[in-house]
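Reading through the structure tokens given below for one structure.
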Amino acid sequence: MKIPFSAIKSYLKQNNIFFSLDWNSERLTDNDDIVFSSSLVMENYVGICKGNNLCSMGAFSYTYSPLDPLLKIGRYSSIARGLSFFGTGHPVNYASTSPFTYLPKKKSLLLKPYEDRNISFNNAEFKGKGGAQGVRIGNDVWIGQNVTIKFGVSIGDGAIVAANSVVTKDIPPYTVFGGVPAKFIKNRFDDNLVSKFLEAKWWNYDLTDLNGLNFEKPHIFLEQLSSRGLNEYKPGTVTAANLLEYYFSSKSPKKLPADVKESIKFNYYFSGYGWINGLSSDCAVGLDSQLESIKITSSNPDITVLYSVLRDGKWHDFSSAEPIALDNYETNKPIQAVKFLVPGRKVYYRIMLKNKSWSKIFCDGEEASTNAKILGIHVAIV
């Protein structure tokens, strides 16, 4: 998903997420989009010196490479320029490996001229793995320049990957790997010291808590660390839901009544984006993509959200007390109308229409319907 940098620049700065720290790198402009996945969880105090993507990333890590939104990075890790990932796999057991045999017409540039034709050879979509799917870079990891990583690979805490390496398998903690494909070069420390580092998990502490420790002598460092009796560092985080809420709350032409934040979570399924999970009440989403499913949950037993959706000409009724919702339904079926009711509370809602304008505000079970695409939804409970 994408949000204009200008709309969330101040929010990212407030959370100490810094862009273009390197004077020699390309700086973001207000016209650029910030790209991230619905699973984003980024801690405060990270540096993104290249690119406009966000990924799940721990505090005090930085990158000089554009990030893949699916990548997961721990704390205190350093990534040099040129990090890349294997491309998406192709079906080697098919009659042909060409994407025209398995990509849906709407996702294949090759088939765009044929989208109105009745072609049947791409009915079964092949879900090849690739990119940063499943890739995890641990804490205190150093990735050298121009490294390529295979999907699904984990790089252990404290590991080092030499420049120009191609990583095709997991790398154990506190080892040095390099080459094509990357192979074991040496251990950073002896087994006893590695065990102590993995037990100490020094990256669980704030940067200021580590002040004055002897980093040059690992044995002394660990002794000093254990003597301090530190509490685990818990920085703030920025999630996909945070970014969406901030963006649409500031963008909305008319702000809805503030919610009492009673542990109600809204989950929406948009074609092309999948599930957008965990938005709170007084939330809004508008992703320029068709709304197909809704699921609402409430951890407060005194509050039940009743909601109905119209699809295929039939109303379907659901409740936050039984959150099966529409995730069990076939996708690619648009929601044509919605209505909400919260017994004992006032509930206000509106929908974003195909022309990206918000409808009037509906209230307490009143039907919000449209013949156009429902591109967004904004709900507030008071």
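The values are calculated or read from the model by the stated rules, or taken from the named source; none is laboratory data. Small disclaimer: the values here were computed from a predicted structure and weren't measured. Glycine also receives a Cβ, built like all others from the backbone with ideal geometry; neighbour counts cover every protein chain displayed.
For the reader, a short list of remarks on this structure follows.
- When we screen V238, V260 for residues that are of a type in the set (V, I, T) and modelled with pLDDT under 85, the only hit is V260.
- Residue list for the stretch 41-50, filter: out of contact with any Leu (no Cβ under 6 Å at 6 or more places or on another chain) and farther than 17 Å from Y233 by Cβ: I48, K50
- Residue in the stretch 26-46 that is touching a residue at least 40 places away in the same chain (Cβ under 8 Å), closer than 21 Å to Y76 by Cα and part of a helix (DSSP H, G or I) present: no
- Pairs meeting the criteria (first residue in the stretch 353-382 and more than 22 Å from A241 (Cβ to Cβ), second residue modelled with pLDDT under 85 and aromatic (F, W, Y), beta carbons under 7 Å, at least 6 apart or on different chains) are lacking.
- Residue count, the stretch 158-177 (criterion: part of a strand (DSSP E or B) and surrounded by 20 or more Cβ atoms within 10 Å (Cβ to Cβ)): 5
- Consider the stretch 47-62 and keep the residues that are in a loop (DSSP other than H, G, I, E, B), modelled with pLDDT of 90 or more and not small (G, A, S). The one that is farthest from the chain's Cα centre (by Cα) is F60.
- Residue selected from the stretch 359-382 under the condition part of a strand (DSSP E or B) and either among the small types (G, A, S) or under 26 Å from the mean Cα position of the chain (by Cα) (or both), by the criterion modelled with the lowest pLDDT: S369
- Beta carbons closer than 6 Å, at least 6 apart along the sequence or on distinct chains, pair a first residue in the stretch 86-100 that is under 15 Å from K129 (Cβ atoms) with a second that is of a type in the set (A, V, I, L, M, F, W, C) and surrounded by 13 or more Cβ atoms within 10 Å (Cβ to Cβ) for F86/F151; P91/F126.
- For the stretch 184-211, filtering for residues that are surrounded by 12 or more Cβ atoms within 10 Å (Cβ to Cβ) and assigned to a strand (DSSP E or B) leaves 3.
- Long-range neighbours under 8 Å by Cβ, at least six apart or interchain, first residue within 21 Å of Y11 (Cβ to Cβ) within the stretch 243-270, second at pLDDT below 65: S249/K255
- Meets criteria (of a type in the set (D, E), surrounded by fewer than 16 Cβ atoms within 10 Å (Cβ to Cβ), outside the structural domain of G272 (by TED's automatic domain parsing) and touching a residue at least 12 places away in the same chain (Cβ under 8 Å)) for D68: no
- The combined condition, being closer than 30 Å to Q14 by Cα, under 30 Å from the mean Cα position of the chain (by Cα) and at pLDDT 95 or above, is not fulfilled by I149.
- Of all the residues in the stretch 11-33, those that are modelled with pLDDT under 90 and touching a helix residue (DSSP H, G or I) at 6+ places or on another chain (Cβ under 9 Å) number 8.
- Summed over the stretch 168-177, the residues that are under 16 Å from N146 (Cα atoms) and touching a residue at least 24 places away in the same chain (Cβ under 8 Å) give a count of 0.
- Scanning the stretch 347-357 for residues that are modelled with pLDDT of 85 or more and either of a type outside the set (A, V, I, L, M) or not assigned by TED's automatic domain parsing to the domain that holds S319 (or both) yields a total of 3.
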